[in-house]
Structure formats: structure tokens, C-alpha cells
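For reference, the structure discussed in these notes is given below.
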Amino acid sequence: QEFAHLTLADLDLLHGSLIVRRGKGGKRRVVYLSEEALAFLREWLAFRGNSPGALICPVNKGGKVELRHFAPDGDGIYKLVRERATRARVAQFSPHDYWLAPLQWH
């Protein structure tokens, strides 16, 4: 859910950080990202664009980014990742263990 609620305004590329506004216990915290994660986010932003809104958002079947959250409760991302794990025949699955391989955004 923390991931699902991030907005573009939560990302600070200059300092390599994200502000998690709704962490455990409703607490706010700053998370510093690895160079690999920053590279991934820069690539995603080149595709997503710099308009305000959800940081991680759906891309429709036509390839257009929809600047909205997957679902208010974060369930949309969970369902997406669970479906991908099922298609990949992964028996044990947890979103916390999921790692995205380098992606092509276009």
C-alpha cells in the first residue's frame, strides 16, 4: 500500500529519496533509493511524463499512461503482481519479494 500511494511529488531525484506518507502506523518517513532504483524510476518517468499524480500508475492497453492510482487501498498493484506470478507459475508469492527486471516502456 505504501508503494501504491506514492505521488510524483513524493519523489526527490536530486537527493534520491521518496517520502512515504502513509507508512506503518500512519507514520511519515523518507526512504533513500539505490542507484538501480533511481535508474528504473528515471526510465519510468521518461515514459510516464512529469505531470502531477500517482507515481506508479496503470498503462492502458493502448499504451497510454493513466495518471491515477491503481486502487485507493493498493489492492490493484497486489492483484497485478499476483496475476503475473500465476502466469509465471510461481508457487510462493509475496509482493515484498517481487523484483521487476529491467523493462522496456515503449
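The values are calculated or read from the model by the stated rules, or taken from the named source; none is laboratory data. All of these numbers come straight from a predicted model, not from anything done at the bench. Ideal geometry is used to build each Cβ from the backbone, glycine not excepted, and the neighbour counts take in all protein chains shown. Keep in mind that these areas ignore ligands, DNA and RNA; they rest on the heavy atoms of the full protein, side chains included. Shrake-Rupley method; radii C 1.70, N 1.55, O 1.52, S 1.80 Å.
Are there trypsin sites (Lys or Arg not before Pro) in segment 1-95 that DSSP marks as loop and that have at most 16 other Cβ atoms within 10 Å, and which are they? The partial results should precede the final answer.
Values: sites: R21, R22, K24, K27, R28, R29, R42, R48, K61, K64, R68, K79, R82, R84, R87, R89; in loops: R21, R22, K27, R28, K61, K64, R68, R89.
Counting only loop positions with at most 16 other Cβ atoms within 10 Å, the trypsin sites (Lys or Arg not before Pro) in segment 1-95 are R21, R22, K27, R28, K61, K64, R68, R89.
So with the 1.4 Å probe, I'd like the accessible area per residue for segment 26-74, rounded to whole Å². Kindly include the intermediate steps, with their values, before the conclusion.
Working: 3210 Å² over 49 residues.
On a per-residue basis, 66 Å².
By the gyration tensor of its Cα atoms, with a ≥ b ≥ c the square roots of the eigenvalues, what is the shape of segment 1-87: rounded for a/c under 1.5, prolate for a/b over b/c, or oblate? If you can, show how the numbers build up before the last one.
Numbers: a/c = 1.58, a/b = 1.17, b/c = 1.34.
The shape class here is oblate.
First compute the accessible area of segment 1-49 with a 1.4 Å probe, then give the percent of it belonging to carbon and sulfur atoms.
Values: 1800 of 3180 Å².
The value for segment 1-49 is 57 percent carbon and sulfur by accessible area.
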